[in-house]
Amino acid sequence: MQKKLTIMQIIPSLGTGGAEQGCIDIAAEIVKSGARSIVVSNGGGRVPDLLRIKSEHINLPVHSKNPLTMLGNIARIKRLIKKHEVDIVHVRSRAPAWSAMAACRNTNATYVTTVHAAYKGNGNAFKKFYNSAMMKGERVIAISDFIAGYIRDNFKTDPRDIVTIPRGVDLNKFKPELVSPERAIKLEKKWRVPDGVPLILMPGRISKIKGHHVLIEALEKLGRRDIFCVMVGPNQGRTEYQSELESTITEKNLSGIVRIVDSCSDMPSAYSLSSIVVAPSIVPEGFGRIPIEAQAMGRPIIASNSGGFCETILDKQTGWLFETGDSDALAECLRQALSMSDEQRQTQAEMAIKNIHENFTKDKMCEDTMEVYADILRTRYGGL
């Protein structure tokens with residue numbers, strides 16, 4: 001009997017985030033194709049999601065940056081590769097990358113990586129060396145052209161080994177007509193959104209790099225009281241920063257129109273409720289899911305003009321790009337978005353949905369990733 005193709009993905013943990021979602025999406029596609037999916041992580045709240053799609057999960061301390069733990073992980077991963085006859089090891093983070101790269105040596109497993117961010121510190125020789133493990137895969141998947149350029153500019157990776165595969169939206173989830181009025185009303189009540197005012201939504205974890213302070217400053221400069229803003233996302237233990245934001249909101253007399261809430265389990269409904277979605281990150285994001293999710297839901301998106309955002313938003317067509325960190329520019333984009341007529345909003349929504357359906361779907365991301373796997377196997381075996 002022919003051996004079943006086995007693909008092992010390795011990620012530090014399975015919590016919230018774009019890398020984690022991509023890992024689960026690819027695991028589902030592997031299972032769907034009839035191959036065997038194994039995900040190695042230190043666990044997390046999304047492990048049940050993984051098991052639900054019939055992927056296997058193995059718990060190892062691959063989140064650790066402790067050199068001794070990383071060294072021990074080499075032997076642990078190598079044992080898994082041999083025990084489960086793994087064909088491809090696909091890694092999504094630096095610490096496990098070093099362990100996995102070493103573990104793949106002298107086995108039949110091919111080492112593949114996905115680079116999700118432009119890592120800092122390439123001017124520091126040690127940090128650049130640490131980052132380099134992600135650039136040494138037989139295939140190096142970049143999640144945007146921005147990341148592909150970062151790899152080419154900073155590392156000696158053969159350009160022929162770099163494959164750009166943008167992240168994708170699950171259109172079975174993020175589609176306007178799928179959100180019932182009951183779902184939207186439930187969330188509206190939970191967030192205590194005032195009746196009849198435009199909702200400005202900022203999704204994202206509570207972190208300085210996400211640019212919450214830029215939006216707060218822009219709202220102050222906008223000077224309108226007939227709006228409501230919800231910043232939604234986990235603080236992940238950054239209680240001090242959240243307190244700082246809340247104090248700033250109070251100092252600027254915005255308490256009546258700005259609210260910070262914890263994670264939302266129904267983001268399609270959140271987008272559906274919104275009039276405008278904002279992603280004001282002050283650090284370039286490798287890709288950024290918020291702009292593509294917002295567009296898939298037909299909502300205007302305003303985002304910083306850096307990183308992957310510039311590849312997914314059609315400026316002044318499906319949304320607005322503003323100078324990173326410029327609260328005056330963000331305030332002006334908010335004015336323009338709030339002043340749109342119903343007809344203009346409808347036209348923009350149609351263009352946004354079309355943009356996502358043609359370029360940034362989960363199905364396309366999975367199909368392109370599976371083609372990378374197939375190409376590796378064709379190279380190895382001379383045909384499938």
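The values are calculated or read from the model by the stated rules, or taken from the named source; none is laboratory data. Because the structure is predicted, anything quoted here is derived from the model rather than measured. Quick reminder, even Gly has a Cβ in these numbers, built from the backbone with ideal geometry, and neighbours come from all protein chains shown.
Answer yes if at least one residue in the range 188-195 is at positive phi, part of a loop (DSSP other than H, G, I, E, B), out of contact with any Ser or Thr (no Cβ under 7 Å at 6 or more places or on another chain) and not assigned by TED's automatic domain parsing to the domain that holds LEU273, and no otherwise. For the range 188-195, residues at positive phi, part of a loop (DSSP other than H, G, I, E, B), out of contact with any Ser or Thr (no Cβ under 7 Å at 6 or more places or on another chain) and not assigned by TED's automatic domain parsing to the domain that holds LEU273: absent. Look at the range 42-56: where a residue is on the phi > 0 side of the Ramachandran plot and a partner is in a helix (DSSP H, G or I) and surrounded by 14 or more Cβ atoms within 10 Å (Cβ to Cβ), sitting 6+ places away or on another chain with Cβ atoms under 7 Å, you get LYS54/VAL31. Can you find, within the range 192-214, the residue that is nearest to THR248 (Cα to Cα) among those that are surrounded by 16 or more Cβ atoms within 10 Å (Cβ to Cβ) and hydrophobic (A, V, I, L, M, F, W, C)? Here the residue is VAL214. Could we say that THR312 is over 24 Å from the mean Cα position of the chain (by Cα) and at pLDDT 95 or above here? In short, no.
Considering the range 143-156 alone, what residues qualify as being in contact (Cβ under 8 Å) with a residue 60 or more places away in the chain and of a type in the set (A, V, I, L, M, F, W, C)? Scanning the range 143-156 gives ILE143, PHE146, ILE147.
Could you tell me whether any residue of the range 280-297 is among the charged types (D, E, K, R), closer than 21 Å to ARG224 by Cα and either part of a loop (DSSP other than H, G, I, E, B) or free of Cβ contacts under 8 Å to residues at least 40 places away in the same chain (or both)? Checked against the condition, which is being among the charged types (D, E, K, R), closer than 21 Å to ARG224 by Cα and either part of a loop (DSSP other than H, G, I, E, B) or free of Cβ contacts under 8 Å to residues at least 40 places away in the same chain (or both), the range 280-297 yields no hits at all. The condition of being farther than 30 Å from THR110 by Cα, crowded, with 19+ Cβ neighbours inside 10 Å and either without any contact (Cβ under 8 Å) to a residue 40 or more places away in the chain or among the charged types (D, E, K, R) (or both) holds for only one of GLU182, GLU177, GLU217, that being GLU217. For residues that are of a type in the set (Val, Ile, Thr) and under 17 Å from SER37 (Cα atoms), scanning just the range 342-384, find the one that is nearest to the chain's Cα centre (by Cα). Checked the range 342-384; the qualifying residue nearest to the chain's Cα centre (by Cα) is THR369.
Sort out which residues of the range 333-363 are surrounded by fewer than 17 Cβ atoms within 10 Å (Cβ to Cβ) and either in contact with a Lys or Arg (Cβ under 6 Å, 6 or more places away or on another chain) or charged (D, E, K, R) (or both), and write them in order of number.
Residues satisfying the conditions are ARG335, ASP342, GLU343, ARG345, GLU350, LYS354, GLU358, ASP363.
A single member of THR110, THR114, THR69 is of a type outside the set (Asp, Glu) and without any contact (Cβ under 8 Å) to a residue 12 or more places away in the chain, and it is THR69. For the range 31-42, which residues satisfy the criterion of being buried (at least 21 other Cβ atoms within 10 Å of the Cβ) and either more than 12 Å from HIS90 (Cα to Cα) or polar (S, T, N, Q) (or both)? The answer is SER37, SER41. Across the range 157-172, the qualifying residues are those that are within 19 Å of the chain's Cα centre (by Cα) and not in a loop (DSSP other than H, G, I, E, B), and the one among them that is surrounded by the most Cβ atoms within 10 Å (Cβ to Cβ) is VAL169. When the strands (runs of 3 or more DSSP E) confined to the range 51-156 are screened for residues that are within 22 Å of the chain's Cα centre (by Cα), those reaching at least 2 such residues are found at 88-91, 110-115, 139-142.
Inspection of the range 364-384 finds no residue satisfying the criterion of being in a helix (DSSP H, G or I), under 30 Å from ASP226 (Cα atoms) and either touching a strand residue (DSSP E or B) at 6+ places or on another chain (Cβ under 6 Å) or modelled with pLDDT under 95 (or both).
Of all the listed residues (VAL214, VAL197, VAL169, VAL179), the sole one being of a type in the set (A, V, I, L, M) and closer than 22 Å to ASP145 by Cβ is VAL169.
Kindly evaluate PHE309 against the criterion of being buried (at least 24 other Cβ atoms within 10 Å of the Cβ), touching an Asp or Glu at 6+ places or on another chain (Cβ under 7 Å) and not assigned by TED's automatic domain parsing to the domain that holds ALA142. So PHE309 passes the test.
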